[in-house]
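For reference, the structure discussed in these notes is given below.
Please treat every number below as a calculation from the coordinates, not as lab data. Keep in mind it's a predicted model, so treat the numbers as computed, not measured. Glycine gets a Cβ as well: all are built from the backbone with ideal geometry, and neighbour counts include every protein chain shown.
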Protein chains: 2
Amino acid sequence: QPTASDATVAAVLDALAFNDKGLVPAIAQDAGTGEVLMMAWMNAEAIAETLRTGRITYWSRSRGALWRKGESSGHVQRLVEFRYDCDGDTVLVLVAQTGPACHTNRPNCFFNAVRDDRIEVISDPVA
Amino acid sequence: QPTASDATVAAVLDALAFNDKGLVPAIAQDAGTGEVLMMAWMNAEAIAETLRTGRITYWSRSRGALWRKGESSGHVQRLVEFRYDCDGDTVLVLVAQTGPACHTNRPNCFFNAVRDDRIEVISDPVA
């Protein structure tokens, strides 16, 4: 993943429709397996950093700060491809994930499933 | 996909953390191919209907009404599995998609990609 130029970063930011808090939801999908890993939020700064560095950076709504995924855990996400949707209000990042994506140490965050008419936890922590 | 009981619907709604507008983002993923099709929003009523009927129903923020996906286009989504994430603020529905998922008649909504340092449209309308 070559880093994006300033012109491309500007074009992407211009194409996106941020919400009233200046954020867009960003879905992270494993580029190899197709597994949906997590959903978090990005602001313009997070998107610019993601595109420039090739390292996925979100905006932490709870901390009110950039969240360089894996900065403390080591479970970084490398950008494979950056996409956005038809109306520009959702981002999809294809990533190469190091370690588990979820803070529970599960491979992905979507481990609660309705099966057999009840809620089941369908994966275990891996680390 | 058997329909969910009232008890299961209630348990799911209780586990979810709706935002200040009573909504959660819902990611639709093709259960067969793993393709991320679209992201839309669900409120409690949309989730209950989705779980009870096995037919994906969103909440249209623009229309302020339930959006039974495919009601006008025929491009319905049948629920294969309902999942939600670690902190209950995002839903992932695995679906069987009839026709293109996107209103542009592309297979999915994420057809804008950054490639070779520019924005490319990576799929064509199929219908």
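Tabulated values for the structure
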{"read-out": "Two-decimal log10 I(q)/I(0) for the protein assembly as shown, as the Debye equation yields it once each C-alpha is a single scatterer, q = 0.11, 0.13 Å⁻¹", "value": "-0.57, -0.80"}
{"read-out": "B from A by rotation - nearest chain A beta carbon to the axis, in Å", "value": "A:Gly34, 2"}
{"read-out": "Relative contact order computed over chain B (Cα-Cα under 8 Å; 6+ residues apart), in percent", "value": "23"}
{"read-out": "Tilt relative to chain B, helix B:6-15 - C-alpha long axis, 0 to 90 degrees, to 10", "value": "70"}
{"read-out": "Sequence of B:Val121, A:Val114 once ranked by neighbouring C-beta atoms within 10 Å, starting from the fewest", "value": "B:Val121, A:Val114"}
{"read-out": "Residue with peak Gaussian network fluctuation, chain B [Cα springs, cutoff 10 Å], from B:Thr53, B:Thr104, B:Thr33", "value": "B:Thr33"}
{"read-out": "Cα gyration tensor, the range B:25-65 - rounded (a/c under 1.5), prolate or oblate", "value": "oblate"}
{"read-out": "Nm distances between copies for A:Asp89, ranked from closest, using label points 7 Å along Cα→Cβ", "value": "1.8"}
{"read-out": "Average beta-carbon neighbours from other chains, 10 Å sphere, peptide B:105-112", "value": "5"}
{"read-out": "Label 7 Å beyond Cα on the Cβ vector: A:Arg52 copy-to-copy distances, nm", "value": "5.1"}
{"read-out": "Whether chain B is rounded, prolate or oblate, judged on the alpha carbon gyration tensor where a/c under 1.5 counts as rounded", "value": "prolate"}
{"read-out": "Among beta bridges that DSSP assigns inside the range B:6-100, antiparallel share in %, nearest 5", "value": "80"}
{"read-out": "Highest-MSF residue in chain A out of A:Asn112, A:Asn43, A:Asn19 [GNM, Cα springs under 10 Å]", "value": "A:Asn112"}
{"read-out": "Helix-only CD estimate at 222 nm, as mean residue ellipticity for chain B, using -39500 (n - 2.57) per DSSP H run (n ≥ 4)", "value": "-4500 deg cm²/dmol"}
{"read-out": "At most 14 other Cβ within 10 Å, DSSP loop - GluC sites (Glu not before Pro), the range A:35-125", "value": "A:Glu71"}
{"read-out": "Antiparallel content of DSSP bridges confined to the protein assembly as shown, in %, to 5", "value": "85"}
{"read-out": "Gyration tensor (alpha-carbon) shape descriptor, the range B:79-127, a/c threshold 1.5", "value": "oblate"}
{"read-out": "Residue order, fewest to most surrounding Cβ atoms within 10 angstrom, among B:Ser73, A:Ser62", "value": "A:Ser62, B:Ser73"}
